[in-house]
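A short worksheet on the structure shown next.
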Amino acid sequence: MSATPPGDVRSATQEVGALLGQIIRDEDPSAFARIEAVRRLAVARHFQGAAGELPALLDGLSADEAFKVVHGFACFLQAANAAEDAMQARRASLGEDAIRLDDVLDALAKEGVTEDQVRALLGKGLIVPVLTAHPSEVRRRSVLEHAQAMRETLGALAHPDCGPDAETLSEILLRETALLWGTRLLRSVKPTPEDEVDNTVAVMRASLLSAIPAVYEAWERRLGPELPGFLRLGSWVGGDRDGNPFVTGEVLRRALARQAEAVLGHYLEEVHRLGVSLSLAEDLAPPTPELKAFADSLADPPAHQAREPYRRALTLIYARLAATYQALVGRPAPRLAAARADPYASPDALVADLERLLSSLRRTNARAFSRGPLPNLVRAVRVFGFHLASLDLRQNAAVHERVVAELLAKAGACDDYLALDEAGRQRILLAELAHRRPLVSPIVCYSEETARELGVFRAAAEARARFGPAALGAYIVSNAGAVSDLLEPYVLMKEAGLFDPIEPSAPLRVEPLFETIADLRAAPEVLAAYLETPLIAGLMRGANAHQEVMIGYSDSSKDGSYLTSSWQLHRTSAALSALADAKGVRLQLFHGRGGAVGRGGGSSFEAIVAQPPGVLRGRMRLTEQGEVIANKYADAALARRSLETLACGVIAASLRPAFADVSAADVEAMDALAETSRRAYRGLVYETPGFADFFFSSTPIAELSELNIASRPVARQAARTIESLRAIPWVFSWSQARLMLPGWYGFGAATKEADLERLRAWWRGWPFFRATLRNMEMVLAKADLAIGARYAELVADVDLRAVIFGRIRAEWDRTVDRLLAITGQTQLLEHEPRLAEAIKGRLPYIEPLNHLQVELLRRRRAGEDDPKLHEALLMTLNGIASGLRNSG
């Protein structure tokens, strides 16, 4: 085996591919021969233009043979991802292909923006990635861990100084590759919400606990010390109940307890390390009187610390942290304390103790202790507190209205709340929010749904009291189409003690989520009416005059096309910002982005800087979910790069001069394009007879529900309709069939008769339009209509198949033609050769999985029930998703 360090993505991928092939050949020569024959045919098709006999070769495999081939290609794609991530991290460490603060500040300086302005922005800023558990991460935790080990080893091998370690590292790489090949890629059971909590907390602890303080430390080198706490961490895992009845009050309690366990465990480890290293003797490095007094307050100090005040102080801090761990987590700390002490009442008290040490050290030698483990620990406590990540709660407006209706009816306050018009509902709700009298009675029996919802609100109140005010983030209402939708949660909060009507305060602020095209268009009107409600206006006084609004990319795209969704989100963002300014309220947007372009995916930096001028102002939250979490935050190096990219994007979007060449006529023209795109998309998806039958037959949407990737159901209802589907499986299924329809359909129809010179001018100079097209181009490059045609053959109705697939092909041709004409290219991704090479290099390994998936779908649906065949089919879903990387 070669110990030559890989130098780029291609060589690293070839290295792991060769290792995997060697392992398969040694363990199963016949499987290797079959996999290699398939690989050669697929490579010949993509790189030599050979037609090949790939489908015929794959269609004749037995269930066992198909399983081995699928497993081989899926494992290769996992290994290829590890190689790509390792080389990207390597380039970023060398200053290549990375968005860096220095570059952004230098660019802003050329436009007249000073570093003082950047510090002032961050002083009022808030940037929060929010981790969610939406069902788009198909990989088992074991697979992720092997891939992570491969990524780290390849990164170490790529370092020019690895030298004599190369042979050992190569052995590690061989071992991890062998472990990957021998590991089942599919989960055997559906994960529970508790599993999702554990997985998410594992990522937070593995990377984000160290990465966020590291970003602050690096930025303070450029911008000066004591940067404000603009970068935080959020989560939905354990609080998002929308469509997931398995998330209960007990799950919420467990989520926050697990987060506390992780962050307090981290603090304990760091304090222990400091106790080992800070061996300063008081006669050689005299402490400040404050530190000396604090250290001397330790009762019965260990004898060997008699003349070491810093260690005595840390022994006391450790003891108090261990007591805090016991109080919040419910069991003793992993390493017993050497003394007894009371727990900390708040993170601020811990910060005060740590700052006593830091102040004393800096008085002794300011340069030596200006940075390092102790300042990073202080920063970590300020950012993470005892809760690690602020947990948002989310529920659908329809659930709230049913629960409130039941409470009102059983309390005798309103017989039929659901029959009231909007004005009547508001009247009833505001009356209930004007007094402290409860609606809930301990002697009344409530429905399962109502009891579950009340349990969540009670758990939220307990969690806030136990873990601190920052433990809970926002209360998000999905499908918020009216003011009553936003008032109903306050009624439920009142029942749990989270809202006081007499002295109006709401520690858990309600925010709307606008998702569909119609809801986005109505959002300014709904928000204006909400803010004008006397109760809410009273909550918006002084420092509390801020309102967050969440905007959703998933359902808006599913509802009205990618182009229409992108533009409507842009328009709504600007309109909400103008409204908030007029009302004297600070607006903060929360972007519900997914991994796929049809759900807001693509380059985070480009998406952020493409926001309307004046909207962000240094404040932004956005969701990170599914495979995106592993891709961005699997280790500290990746996490730091991702966080810096996010923060740099917010700074650039907030401070750079606005793009001034978008005229009223341009906006009007874009409105017309978006409407044409919407009509074309809805004309196909919602208005074509038989389209639902085509979709359910030609994609693996039904089989997706059998893949154990999340605790949440795939659809909102059991009906076989497009409307009942969630956006994630909708996008995921089209990605599997390689048509990627939600990420481009409607663009060709919208632009075929538009002014080409105007579109070219937009491409050259309008960040919004450029980012939209670049994301769409990436989707088109990953799509393959020839493969999509094979999936269409699964539709039994030949006429229906011909009509619908013909329309898809025609729109595809129009879209690609117009995109190339606008961007001035002769082929897709001509301007981005590195991305083109990366995509092209993995397509030959994805295509066999597509052909096998079609064949296995046909056999499975025909009644073949071999368990091995079924597992192979589900594994194709896993492998294709991993290969495409942003499919959900």
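Out of all the residues in the range 113-125, which are out of contact with any strand residue (DSSP E or B) (no Cβ under 9 Å at 6 or more places or on another chain) and either free of Cβ contacts under 8 Å to residues at least 60 places away in the same chain or among the charged types (D, E, K, R) (or both)?
Result: 114, 115, 116, 119, 120.
Each row is one residue, and each column tells you yes or no for (1) in the same structural domain as residue 12 (by TED's automatic domain parsing); (2) under 30 Å from residue 399 (Cα atoms); (3) among the aliphatic types (A, V, I, L, M).
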| residue | (1), (2), (3) |
| --- | --- |
| 173 | yes, no, yes |
| 176 | yes, no, no |
| 202 | no, no, yes |
| 236 | no, yes, no |
| 258 | no, yes, no |
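Given the conditions (1) assigned to a helix (DSSP H, G or I); (2) modelled with pLDDT under 95, which single one is not true for residue 188?
Among (1) assigned to a helix (DSSP H, G or I); (2) modelled with pLDDT under 95, the lone unmet condition for residue 188 is (1).
Suppose we filter 43, 38 for residues that are in the same structural domain as residue 868 (by TED's automatic domain parsing), crowded, with 23+ Cβ neighbours inside 10 Å, modelled with pLDDT of 80 or more and assigned to a helix (DSSP H, G or I); which single one remains? Spell out how you get there, then give the answer.
Values: 43 fails: crowded, with 23+ Cβ neighbours inside 10 Å.
Just one listed residue meets the conditions, 38.
Can you say whether residue 206 is touching an Asp or Glu at 6+ places or on another chain (Cβ under 8 Å), in a helix (DSSP H, G or I), free of Cβ contacts under 8 Å to residues at least 60 places away in the same chain and under 23 Å from residue 78 (Cβ atoms), as far as the supplied structure shows?
On the way: touching an Asp or Glu at 6+ places or on another chain (Cβ under 8 Å): yes; in a helix (DSSP H, G or I): yes; free of Cβ contacts under 8 Å to residues at least 60 places away in the same chain: no; under 23 Å from residue 78 (Cβ atoms): yes.
Judged against the criteria, residue 206 is not a match.
Just give me the residues in the range 321-374 being within 31 Å of the chain's Cα centre (by Cα), without any contact (Cβ under 8 Å) to a residue 12 or more places away in the chain and within 17 Å of residue 310 (Cβ to Cβ), in sequence order.
Within the range 321-374, 372 is the sole residue that qualifies.
When you look at residue 793, is it among the acidic types (Asp, Glu) and at pLDDT 95 or above, yes or no? Before you say what the answer is, go through the steps one by one.
Details: among the acidic types (Asp, Glu): yes; at pLDDT 95 or above: yes.
Yes, satisfied.
Taking the range 519-531, which residues are in contact (Cβ under 8 Å) with a residue 12 or more places away in the chain and surrounded by fewer than 18 Cβ atoms within 10 Å (Cβ to Cβ)? Spell out how you get there, then give the answer.
Initial filter on the range 519-531 (in contact (Cβ under 8 Å) with a residue 12 or more places away in the chain): 519-524, 526-531.
Correct list: 521, 522, 528, 529.
Taking the range 351-367 on its own, how many of its residues are in contact with a Ser or Thr (Cβ under 8 Å, 6 or more places away or on another chain) and surrounded by 16 or more Cβ atoms within 10 Å (Cβ to Cβ)?
3
Quick one: count up the residues across the range 718-735 that are surrounded by 24 or more Cβ atoms within 10 Å (Cβ to Cβ) and more than 20 Å from the chain's Cα centre (by Cα).
Within the range 718-735, residues that are surrounded by 24 or more Cβ atoms within 10 Å (Cβ to Cβ) and more than 20 Å from the chain's Cα centre (by Cα) number 1.
What tally of residues in the range 458-468 results from selecting those that are in contact (Cβ under 8 Å) with a residue 60 or more places away in the chain and of a type in the set (A, V, I, L, M, F, W, C)? So that I can check it myself, show each step before the final result.
From the range 458-468, those in contact (Cβ under 8 Å) with a residue 60 or more places away in the chain are 458-460, 462-463, 466-468; that's our starting set.
Filter once more, so that each one left must be of a type in the set (A, V, I, L, M, F, W, C): 459-460, 463, 467.
Looking only at that region, the number is 4.
Which helices (runs of 4 or more DSSP H) sit wholly inside the range 247-338 and have at least 2 residues that are buried (at least 20 other Cβ atoms within 10 Å of the Cβ) and of a type outside the set (A, V, I, L, M, F, W, C)? Can you show your working first?
Details: elements: 249-277, 289-296, 309-329.
Ranges flagged: 249-277, 309-329.
For the range 166-185, give me each residue that is assigned to a loop (DSSP other than H, G, I, E, B) and either in contact with a Gly (Cβ under 8 Å, 6 or more places away or on another chain) or not basic (Lys, Arg) (or both). Walk me through it before giving the result.
Start the filter on the range 166-185 by keeping residues that are assigned to a loop (DSSP other than H, G, I, E, B), which leaves 182-185.
If the condition is that a residue be assigned to a loop (DSSP other than H, G, I, E, B) and either in contact with a Gly (Cβ under 8 Å, 6 or more places away or on another chain) or not basic (Lys, Arg) (or both), then 182, 183, 185 are the ones that fit.
Only one of (1) out of contact with any Asp or Glu (no Cβ under 8 Å at 6 or more places or on another chain); (2) at pLDDT below 90; (3) assigned to a helix (DSSP H, G or I) fails for residue 26. Which number is that?
(2)
So, residue 618, is that one farther than 27 Å from residue 728 by Cα and crowded, with 21+ Cβ neighbours inside 10 Å or not? Write out each step before concluding.
On the way: farther than 27 Å from residue 728 by Cα: yes; crowded, with 21+ Cβ neighbours inside 10 Å: yes.
Spelling it out, residue 618 is indeed farther than 27 Å from residue 728 by Cα and crowded, with 21+ Cβ neighbours inside 10 Å.
When you look at residue 194, is it at pLDDT below 95 and on the phi > 0 side of the Ramachandran plot, yes or no? Steps first, answer last, please.
Working: at pLDDT below 95: yes; on the phi > 0 side of the Ramachandran plot: no.
When the stated conditions are applied, residue 194 does not pass them.
Select, from 785, 794, the only residue that is in contact (Cβ under 8 Å) with a residue 60 or more places away in the chain and in contact with a helix residue (DSSP H, G or I) (Cβ under 9 Å, 6 or more places away or on another chain). Before the answer, list the steps.
Numbers: 785 fails: in contact (Cβ under 8 Å) with a residue 60 or more places away in the chain.
None of the other options fit; the residue is 794.
Can you tell me which residues in the range 527-542 are over 27 Å from the mean Cα position of the chain (by Cα), of a type outside the set (Gly, Ala, Ser) and modelled with pLDDT of 90 or more? Spell out how you get there, then give the answer.
Within the range 527-542, the first condition is being over 27 Å from the mean Cα position of the chain (by Cα), and the residues that meet it are 528-542.
When the remaining residues are screened for being of a type outside the set (Gly, Ala, Ser), the result is 530-536, 539-541.
Answer for the range 527-542, where residues must be over 27 Å from the mean Cα position of the chain (by Cα), of a type outside the set (Gly, Ala, Ser) and modelled with pLDDT of 90 or more: 530, 531, 532, 533, 534, 535, 536.
Tell me, please, whether a residue that is at pLDDT below 95 and surrounded by fewer than 19 Cβ atoms within 10 Å (Cβ to Cβ) can be found in the range 594-604. Even if it seems obvious, please write down each step before you answer.
First, pick out the residues of the range 594-604 that are at pLDDT below 95: 594-604.
Now restrict to residues that are surrounded by fewer than 19 Cβ atoms within 10 Å (Cβ to Cβ): 603.
Yes, the conditions are met somewhere in the range 594-604.
Select from the range 98-124 the residues that are surrounded by 12 or more Cβ atoms within 10 Å (Cβ to Cβ) and assigned to a loop (DSSP other than H, G, I, E, B) and list them in ascending order. If you could, list the steps in order and put the result at the bottom.
Initially, the range 98-124 is screened for residues surrounded by 12 or more Cβ atoms within 10 Å (Cβ to Cβ), giving 98-105, 107-109, 113-115, 117-124.
Within the range 98-124, 98, 99, 100, 113, 114, 124 meet the criteria.
The rows are residues; the columns are (1) touching a strand residue (DSSP E or B) at 6+ places or on another chain (Cβ under 9 Å); (2) more than 18 Å from residue 79 (Cβ to Cβ); (3) free of Cβ contacts under 8 Å to residues at least 24 places away in the same chain.
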{"residue": "821", "(1), (2), (3)": "no, yes, no"}
{"residue": "830", "(1), (2), (3)": "no, yes, yes"}
{"residue": "836", "(1), (2), (3)": "no, yes, no"}
{"residue": "845", "(1), (2), (3)": "no, no, no"}
{"residue": "854", "(1), (2), (3)": "no, yes, no"}
{"residue": "862", "(1), (2), (3)": "no, yes, yes"}
{"residue": "865", "(1), (2), (3)": "no, yes, yes"}
{"residue": "875", "(1), (2), (3)": "no, no, no"}
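When residues of the range 216-246 are filtered for being outside any loop (DSSP other than H, G, I, E, B) and among the hydrophobic types (A, V, I, L, M, F, W, C), how many remain? Give the steps one after another, and end with the answer.
First pass over the range 216-246, keeping only residues outside any loop (DSSP other than H, G, I, E, B): 216-223, 231, 234-235, 240.
Right, trim to among the hydrophobic types (A, V, I, L, M, F, W, C) and you get 218-219, 223, 231.
The number of residues fulfilling the criteria is 4.
Could you run through the range 737-773 and say how many residues are charged (D, E, K, R) and buried (at least 22 other Cβ atoms within 10 Å of the Cβ)?
Within the range 737-773, residues that are charged (D, E, K, R) and buried (at least 22 other Cβ atoms within 10 Å of the Cβ) number 1.
Is there a residue being on the phi > 0 side of the Ramachandran plot, surrounded by fewer than 19 Cβ atoms within 10 Å (Cβ to Cβ) and over 29 Å from the mean Cα position of the chain (by Cα) anywhere in the range 543-555? Spell out the reasoning first.
The first filter runs over the range 543-555 and keeps only residues on the phi > 0 side of the Ramachandran plot, leaving none.
Checked the range 543-555: no residue is on the phi > 0 side of the Ramachandran plot, surrounded by fewer than 19 Cβ atoms within 10 Å (Cβ to Cβ) and over 29 Å from the mean Cα position of the chain (by Cα).
Among (1) of a type outside the set (A, V, I, L, M); (2) free of Cβ contacts under 8 Å to residues at least 24 places away in the same chain; (3) in a helix (DSSP H, G or I), where does residue 414 come up short?
Condition (3) is where residue 414 drops out.
Every residue, every condition in (1) touching a residue at least 40 places away in the same chain (Cβ under 8 Å); (2) under 18 Å from residue 428 (Cβ atoms); (3) within 29 Å of the chain's Cα centre (by Cα), yes or no:
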| site | (1), (2), (3) |
| --- | --- |
| 470 | yes, no, yes |
| 474 | yes, no, yes |
| 482 | yes, yes, yes |
| 490 | yes, yes, yes |
| 501 | yes, yes, no |
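Which one of 380, 398 is assigned to a helix (DSSP H, G or I), assigned by TED's automatic domain parsing to the domain that holds residue 263, within 27 Å of the chain's Cα centre (by Cα) and in contact (Cβ under 8 Å) with a residue 24 or more places away in the chain?
Values: 398 fails: assigned by TED's automatic domain parsing to the domain that holds residue 263.
Answer to the check: 380.
The values are calculated or read from the model by the stated rules, or taken from the named source; none is laboratory data. Note that this is a predicted model, so its numbers are computed, not measured. Please note: Cβ atoms are built from the backbone with ideal geometry, for glycine as well, and neighbour counts cover all protein chains shown.
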